[in-house]
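A.B. asks: Below you will find the structure I want to go over with you.
The values are calculated or read from the model by the stated rules, or taken from the named source; none is laboratory data. Keep in mind that this is a model prediction, so the values were computed, not measured. Counting neighbours? That spans all protein chains shown, and the Cβs are built from the backbone with ideal geometry, glycine included.
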Amino acid sequence: MTRIPLQRRTLALLAVVVPLLALFIYVALRSGPLAPVAVTVATAENRPVAPSLFGIGTVAARSTYRIGPTVSGRLQKLAVEVGDSVQAGQVLGEMDAVDLDERLRAQEAAVRRAQAVLREVQARQQHAEVQARRYRELLDARSTS
């Protein structure tokens, strides 16, 4: 194995490193953070300026309203989109009536149960009045049963 003299090895290393370093510097100056900034040059002109208002911020409505259905259920059809203007009385959507019949039957059954409880309470009241009258009559007659 032959040994390359130190001077030839150094020259070979420099022959590779110097072009790479030059390429790196060229790229850094042309497209990196040191790249020149593109500037547009224009001649100043004297023209009237129209007044304008510019600002950064959020556009918000003067008043907002939370709306919702009066009964719970599923929405079948939505007639408006977010941001649409609506009028008083306008239909915004339609509820799905899939479970309304069941809920109606359940409410009717609850009404029938309440009416039965009312009849029972009225019967108890009537019985209590009859018993109270009987006890008064017995007391007036100074009798016992």
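A.B. asks: Take Ala132 and tell me if it is assigned to a helix (DSSP H, G or I) and either surrounded by 10 or more Cβ atoms within 10 Å (Cβ to Cβ) or not assigned by TED's automatic domain parsing to the domain that holds Phe24 (or both).
C.D. replies: For Ala132, the condition - assigned to a helix (DSSP H, G or I) and either surrounded by 10 or more Cβ atoms within 10 Å (Cβ to Cβ) or not assigned by TED's automatic domain parsing to the domain that holds Phe24 (or both) - is met.
A.B. asks: Still on this model: How do the pairs read when you match residues in the stretch 55-66 that are touching a residue at least 24 places away in the same chain (Cβ under 8 Å) with residues anywhere that are outside any loop (DSSP other than H, G, I, E, B) and surrounded by 10 or more Cβ atoms within 10 Å (Cβ to Cβ), using Cβ under 7 Å and keeping only pairs 6 or more apart or on different chains?
C.D. replies: none
A.B. asks: Which residues, taken from the stretch 70-88, are surrounded by 11 or more Cβ atoms within 10 Å (Cβ to Cβ) and under 21 Å from Glu102 (Cα atoms)?
C.D. replies: Gly73, Leu75, Gln76
A.B. asks: Filtering the stretch 90-102 down to residues that are over 25 Å from the mean Cα position of the chain (by Cα) and farther than 10 Å from Arg74 by Cβ, which residue is modelled with the lowest pLDDT?
C.D. replies: Leu100
A.B. asks: Six or more apart or on different chains, Cβ atoms under 6 Å: show the pairs whose first residue is in the stretch 92-110 and within 26 Å of Val82 (Cα to Cα) and whose second is of a type in the set (D, E, K, R) and modelled with pLDDT under 85.
C.D. replies: Note: pairs meeting the criteria are Asp96/Arg74.
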